[in-house]
């Protein structure tokens, strides 16, 4: 069974809130339509990941951005955020004294590695959020 959602955003800060709502609704559908085990921690973590990735797209690029959510199997939810900026993401070494810039570190902690792929119109960042195993 498969479930997918695609959204395109105007690149304004309000789209971050919309993206958080979209992942919450997606997970609710996944739980009811596909009988996946969705915990409150899964929803909170997924909303945090989406918020960080879409915020980066809004803050560091101009123009539209978008998000693709996909569930294909029990391995987890694939989240892809795209924007119109070419180039890779800037990662920083861990510095507990740094006042910010921890978004990608948070995403990696929750999801594992990021896949960054150049596209004809910019780049896309893909991560996978694992789902809790059935009891």
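The values are calculated or read from the model by the stated rules, or taken from the named source; none is laboratory data. From a predicted model like this one, the values you see are computed outputs, not experimental measurements. Using ideal geometry, Cβ is built from the backbone for each residue, glycine included, and neighbour counts are taken over all protein chains shown.
So here's what we get for this one:
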quantity: Tally of residues being at pLDDT below 90 and in contact with a helix residue (DSSP H, G or I) (Cβ under 9 Å, 6 or more places away or on another chain) across the stretch 112-129; calculated: 0
quantity: The stretch 65-79, subset within 18 Å of residue 7 (Cα to Cα) and touching a helix residue (DSSP H, G or I) at 6+ places or on another chain (Cβ under 9 Å), residue surrounded by the most Cβ atoms within 10 Å (Cβ to Cβ); calculated: 65
quantity: Odd one out for residue 45 among (1) in contact with a helix residue (DSSP H, G or I) (Cβ under 9 Å, 6 or more places away or on another chain); (2) at positive phi; calculated: (2)
quantity: Leading residue by the ranking (modelled with the lowest pLDDT) among those in the stretch 33-54 that are surrounded by fewer than 13 Cβ atoms within 10 Å (Cβ to Cβ) and closer than 16 Å to residue 133 by Cα; calculated: 35
quantity: Of residues in the stretch 55-64 being in contact with a helix residue (DSSP H, G or I) (Cβ under 8 Å, 6 or more places away or on another chain) and crowded, with 18+ Cβ neighbours inside 10 Å, the one nearest to residue 8 (Cα to Cα); calculated: 58
